[in-house]
Number of protein chains: 2
Amino acid sequence: MSAEPRRSIATVCLSGTLEDKLIAAAGAGFDGIEVFEPDLVAAPWSPRELAERCADLGLSIDLYQPFRDLDSTDAERFARNLRRLDRKFDVMAELGVDTVLVCSSVSPDAVGSPDRLAEQLAVAASRAGERGLRIAYEALAWGAHVSTWDASWDVVRAVDSPALGLCLDSFHVLSRAGDPAGFAAVPGEKLFFLQLADAPQLHMDVLQWSRHHRLFPGQGAFDLPGFVAAVLATGYAGPWSLEVFNDVFRQSDPGRTAVDAMRSLRWLQEALAAGSPSSGLAAPPPAPPLSGWSFVELGVDGISGPQLASVLRTLGFAHTGQHRSKPVQLWEQGAARVLLNDAVVRPAAAGVAAVTALGLESADPSLSAARAEALKAPVLPRTRGAAEADLSTVAAPDGTQILFTRTGPDGWPADFLATGETAEDGVGVTGVDHVGLTQPFDSFDEAALFYRAVLGLEPQTTTEVAAPFGLVRTRAVTDAARSVRLALSVSALRRGGWSPGVPEPQYVALATDDLVATAVALRAAGAPLLALPENYADDLDARFDLDPALLAAIREHGLMYEEDASGAYLHLATEVLGDRVFVEFVQRLRGYDGYGTLDAPVRMAAHRRARTRDLAVR
Amino acid sequence: MSAEPRRSIATVCLSGTLEDKLIAAAGAGFDGIEVFEPDLVAAPWSPRELAERCADLGLSIDLYQPFRDLDSTDAERFARNLRRLDRKFDVMAELGVDTVLVCSSVSPDAVGSPDRLAEQLAVAASRAGERGLRIAYEALAWGAHVSTWDASWDVVRAVDSPALGLCLDSFHVLSRAGDPAGFAAVPGEKLFFLQLADAPQLHMDVLQWSRHHRLFPGQGAFDLPGFVAAVLATGYAGPWSLEVFNDVFRQSDPGRTAVDAMRSLRWLQEALAAGSPSSGLAAPPPAPPLSGWSFVELGVDGISGPQLASVLRTLGFAHTGQHRSKPVQLWEQGAARVLLNDAVVRPAAAGVAAVTALGLESADPSLSAARAEALKAPVLPRTRGAAEADLSTVAAPDGTQILFTRTGPDGWPADFLATGETAEDGVGVTGVDHVGLTQPFDSFDEAALFYRAVLGLEPQTTTEVAAPFGLVRTRAVTDAARSVRLALSVSALRRGGWSPGVPEPQYVALATDDLVATAVALRAAGAPLLALPENYADDLDARFDLDPALLAAIREHGLMYEEDASGAYLHLATEVLGDRVFVEFVQRLRGYDGYGTLDAPVRMAAHRRARTRDLAVR
């Protein structure tokens, strides 16, 4: 048995007009929507026409919301509120939806007395019942008197009407550290609706937190699986419905957002199925373990290709293979493999170089691909020549191709003919440590969930640094064994005309066990190492009690050094190659588990200087 | 006597590399800078070279900052911190700066005992004194043990060293509702440094508030004049130095930000001079009263000009004048005057129409212009023919020209030759109510201060609405008599590829005393009125107890209706004319003082639909 829940999304989650939102929700495979009242008010369709439009798209209307500030200490105002409710019941009848969300009041005239509140809700429930409708009552976390789910349940229980039940919203409960264990006291039939939202843990006014920073499940810090498990345990069998207010999603392509939203519910469903096999919930194929990097592919063109090839040689790489049928070169050093691919279609300017594909070693590539597809990752066609490996490829949110591979005699390297060169005299690189990918502004949270859900990599803490041209956030995703690490970064604000670093460069970080020796070898080979200011080393000297020999090497070679609770990190960057990629050489000391992000502002300023110099030279 | 304070700016206020920041600060006329340590660390210059560079630019270095977490309960760590301090003293000696900012510690090992803290600060002060340097100690609002200015003063007083004094930062004091009246207990010579920042009143973690949302004086909600008056009363004679951490400024053109910053100090200085004439502070010429709109100019081209002219006729305007020497038409209705100007140089596409200039009636146009210049508004050249009025023109942050005018026989209308048409049969327009200007993302706060400082218009509360393609903020500026109102709006996030409304349209709101009659006349004249959804009127009917005749008119003509504590508002929009301007007709009821922003989402969705339809028709 493999059950699928009904999946809904509130129209407020998506950008655009209601017309745009319906198409996006249907396109992503949602079963239903919550109609957010302002979306309907601004729409050109009558409620009946909207119902028809939804039916055409295969969407049910599961909830009408919100109805605010129903109760009142002022009898006349309560009467006006009931009149307003009646008008909305008229709208619901035309829409064909039977449940309305009523939020706890935030008004100065909200009723504080539990008995009086129950009386007023009983009146409203009775009117709803007479029309065959239901009221789902929800405690807003900032409600004037009812601000916890327990308090909303007390009212619903006191009214004891079949037309009045609860709406549980994960944000309102978890933002106030409410305990879902208490849901066990609620009979499933009194739970009328379930709204889901995740959020980062922020210390701010809860209303602002809710209105601006909600996320889809799996993108934030809340325990959504635990929350939903407690809800399902009551016997709730209604829709799982997303209600996410997020400043970025409000202005992003709703088609993409809806897919991201659907992925979040599938991720959540899998987490529940794993935690409770008796739930019978369907789940995608499990994520096969990833054991490391098979390659990093750089897309190049006729100008940047030869440039990068000559730089790779100074970085200790050897050109070991040539693809059988495509203009792709294989370069190797230690376990690190870099592909230079001149066959990637890009509409960009001449001389570009960018990370275009990541080869990840999977225990079962075809299962990895099947899982990716089940989690709505776009599966890409891959032209394949005779006797070439079938590489399962999906697209990450930033367009980077992810290839699930098996390296070995029968795997993808067989597609390459040996050149005869061997990678013996490197600079000490042992493999790929991580790849740093600058994300498009709209897809930072989407990317964290993509890598978590599709690849099984866990998102780490978000770090924010003040870079020369604006704040930059970095969030890594990695597996428990740290065999695959990606550092995702994004500008805190979408960049405008002033910032010269658009897009900020991506990078490939190569591991070494002795960065000083690697730096000496790189310098000897004429590698284009990034020059760092003396002030940086002076500051390190002031802050840390570094070994004098190490400090001298830092000064000589432009190394960077960081410490945190996990350990210490030595790293070294090249100048930007082509237009948007550079290489780092990194050494992790004493179990360091970070990504050198605190040094990013110094590195970015140095890159900017080097580029300004290049432009001046041209 | 008219004294000028020394004016400084912390490099952290400005975007770019340190090289960019120095040029911006010097260009805006600052006397000095605070060197923010991370900017120096990332810079290519040695401290000595930086000092030379600053001297070349006419900038002094007034402060080195910040030095964090000096004190420690761990003796060994305190020794390391002193070593770090010594190294920074070396840097300061090279820079030629004598004062370092030491922040109260936020570290888990921060010293809680006042006596022990004083002992450790005494040691540090003694080292500073030996080198001829000074420590300015500042209470961070989130300091572990010292988080109020009073607490920092207790420590400084206890140490009683000539090398230890206070740094007062308006954010840290005012964010915690500290009382500047207490500064009276501090001798001026113990006040080593003054840092200034404004901020909006937000309910959030004070560290996040400080790091992301500070503003320049006059842009936020703090009483900066009162704060500085209390500081000056101690005898403080050091620099007025800005330290503003702001996400938007961090990524904006630093040249513009520096001018905005300088304007904020001049505004502040004037407020102080006004409050305390005995201070002897210099002040710009006072703002002459503005008494209303003389005209609104729309820039048009050969395609949009004739289109707008024909639309203006349906809106009840008459073409009453033609400029003597330029392709500018004067259109009039009641006291409202609209210029169609085909001589504005714009690099845009064909068919554009935009608000390009605002004529404001000044009691003394040349004094208005002199004040604008003193407050660093860009004064624009204006080509003038023989016998034409000399119009003093400055550019607002969004590029809109502001003309200070006197309307009358000897004023600007004399530049227009009468066409013979008269504006008798209008649609009831009495004048211009307000103009709505969408601001560039980077200049929303700059604009509020510009209109406040240069024109003497007071910024009102910021309203945020969820529009179809992202959040939009609106903040009006107006004089006490409400004779000039501007509604400034901006997207909460810089718009990306999805949003079709880039740029959102501007509008001219025309006043009427009877919007229903005006709507009837507009419809009869064939005006391109914006169609609103029936759902909107249904929702009004549910929410308000409207007169049935009014509700019928709302339905018939697509009127919009709002209520707030100040009164009620009826308004009506045209479709977008050209590419980015529309006209509203508005009636203020019962003293309504707002701008109809709550209706903006419905209006925007309707505009989007009308435009999509236009595109489909083409």
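Taking into account only those residues within segment B:232-252 that are away from chain A (no Cβ under 14 Å) and part of a helix (DSSP H, G or I), which is least open to solvent (accessible area, probe 1.4 Å)? So, considering only residues that are away from chain A (no Cβ under 14 Å) and part of a helix (DSSP H, G or I), the one least open to solvent (accessible area, probe 1.4 Å) is B:LEU232.
Scanning segment A:527-536 for residues that are surrounded by fewer than 21 Cβ atoms within 10 Å (Cβ to Cβ) and either free of Cβ contacts under 8 Å to residues at least 60 places away in the same chain or on the phi > 0 side of the Ramachandran plot (or both), we see that the one that is farthest from the other protein chains (Cβ to nearest Cβ) is A:LEU529.
In summary, A:ALA542 fulfils each of the numbered conditions (1) within 14 Å of chain B (Cβ to nearest Cβ); (2) open to solvent by 30 Å² or more (accessible area, probe 1.4 Å); (3) without any contact (Cβ under 8 Å) to a residue 12 or more places away in the chain with the single exception of condition (2).
Identification of strands (runs of 3 or more DSSP E) wholly contained in segment B:557-612 with 3 or more residues that are within 14 Å of chain A (Cβ to nearest Cβ) and open to solvent by less than 20 Å² (accessible area, probe 1.4 Å) yields B:560-564.
In segment A:473-495, which residues are within 13 Å of chain B (Cβ to nearest Cβ) and touching a Phe, Trp or Tyr at 6+ places or on another chain (Cβ under 6 Å)?
Initial filter on segment A:473-495 (within 13 Å of chain B (Cβ to nearest Cβ)): A:473, A:490-495.
A:VAL490, A:ARG494 - these are the residues of segment A:473-495 that are within 13 Å of chain B (Cβ to nearest Cβ) and touching a Phe, Trp or Tyr at 6+ places or on another chain (Cβ under 6 Å).
Might you let me know whether segment B:438-445 holds any residue that is touching a residue at least 12 places away in the same chain (Cβ under 8 Å), more than 14 Å from chain A (Cβ to nearest Cβ) and either part of a strand (DSSP E or B) or surrounded by fewer than 23 Cβ atoms within 10 Å (Cβ to Cβ) (or both)?
Step one: of segment B:438-445, the residues touching a residue at least 12 places away in the same chain (Cβ under 8 Å) are B:438-445.
In the following step, the residues that additionally are more than 14 Å from chain A (Cβ to nearest Cβ) were identified as B:438.
Retained after the next criterion (residues that are either part of a strand (DSSP E or B) or surrounded by fewer than 23 Cβ atoms within 10 Å (Cβ to Cβ) (or both)): B:438.
Scanning segment B:438-445, I find at least one residue that is touching a residue at least 12 places away in the same chain (Cβ under 8 Å), more than 14 Å from chain A (Cβ to nearest Cβ) and either part of a strand (DSSP E or B) or surrounded by fewer than 23 Cβ atoms within 10 Å (Cβ to Cβ) (or both), so the answer is yes.
Of everything in segment A:376-393 that is under 24 Å from the mean Cα position of the chain (by Cα), modelled with pLDDT under 95 and open to solvent by less than 30 Å² (accessible area, probe 1.4 Å), the residue that is farthest from A:THR438 (Cα to Cα) is A:SER392.
Considering segment B:121-138 alone, what residues qualify as being assigned to a helix (DSSP H, G or I) and surrounded by 22 or more Cβ atoms within 10 Å (Cβ to Cβ)? Outline the logic, then answer.
Taking segment B:121-138 as the starting set, the residues that turn out to be assigned to a helix (DSSP H, G or I) are B:121-130.
Within segment B:121-138, B:LEU121, B:ALA124, B:ALA125, B:ALA128 meet the criteria.
Is there a residue in segment B:465-472 that is in contact (Cβ under 8 Å) with a residue 40 or more places away in the chain, assigned to a loop (DSSP other than H, G, I, E, B), within 14 Å of chain A (Cβ to nearest Cβ) and open to solvent by less than 40 Å² (accessible area, probe 1.4 Å)? Spell out the reasoning first.
First, pick out the residues of segment B:465-472 that are in contact (Cβ under 8 Å) with a residue 40 or more places away in the chain: B:465-469, B:472.
If we keep only those that are assigned to a loop (DSSP other than H, G, I, E, B) too, we end up with B:468-469.
Those still in the list that are within 14 Å of chain A (Cβ to nearest Cβ) too: B:468-469.
Keeping just the survivors that are open to solvent by less than 40 Å² (accessible area, probe 1.4 Å) gives B:468-469.
So far as segment B:465-472 goes, yes, one or more of its residues are in contact (Cβ under 8 Å) with a residue 40 or more places away in the chain, assigned to a loop (DSSP other than H, G, I, E, B), within 14 Å of chain A (Cβ to nearest Cβ) and open to solvent by less than 40 Å² (accessible area, probe 1.4 Å).
Going by what's in this entry, would B:ALA335 be described as surrounded by fewer than 22 Cβ atoms within 10 Å (Cβ to Cβ) and touching a residue at least 40 places away in the same chain (Cβ under 8 Å)? Criteria met by B:ALA335.
Restricting to segment B:257-271, and then to whatever is among the aliphatic types (A, V, I, L, M) and open to solvent by 10 Å² or more (accessible area, probe 1.4 Å), can you tell me which residue is nearest to B:ALA230 (Cα to Cα)? The qualifying residue nearest to B:ALA230 (Cα to Cα) is B:ALA271.
Report those strands (runs of 3 or more DSSP E) wholly inside segment B:290-338 carrying at least 2 residues which are of a type in the set (Asp, Glu) and farther than 17 Å from B:LEU417 by Cα.
none
Among the residues of segment B:496-525, which ones are more than 14 Å from every other protein chain (Cβ to nearest Cβ), assigned to a loop (DSSP other than H, G, I, E, B) and buried (at least 20 other Cβ atoms within 10 Å of the Cβ)?
Within segment B:496-525, the first condition is being more than 14 Å from every other protein chain (Cβ to nearest Cβ), and the residues that meet it are B:505-525.
Among the residues that remain, those that are also assigned to a loop (DSSP other than H, G, I, E, B) are: B:505, B:513-514, B:525.
Residue satisfying the conditions is B:PRO505 alone.
Taking the listed residues B:ARG494, B:ARG475, the one that is at pLDDT below 95 and within 24 Å of B:VAL259 (Cβ to Cβ) is B:ARG494, with no other qualifying.
Just one of (1) buried (at least 19 other Cβ atoms within 10 Å of the Cβ); (2) not assigned by TED's automatic domain parsing to the domain that holds B:PRO505 fails for B:LEU330. It is (2).
The values are calculated or read from the model by the stated rules, or taken from the named source; none is laboratory data. Here the structure is a predicted model, which is why all the values come from computation and not from measurement. Cβ coordinates were reconstructed from backbone atoms using ideal geometry, including for glycine residues, and neighbour counts include every protein chain displayed. These accessible areas exclude ligands, DNA and RNA; they are computed on the full protein's heavy atoms, side chains included. Shrake-Rupley method; radii C 1.70, N 1.55, O 1.52, S 1.80 Å.
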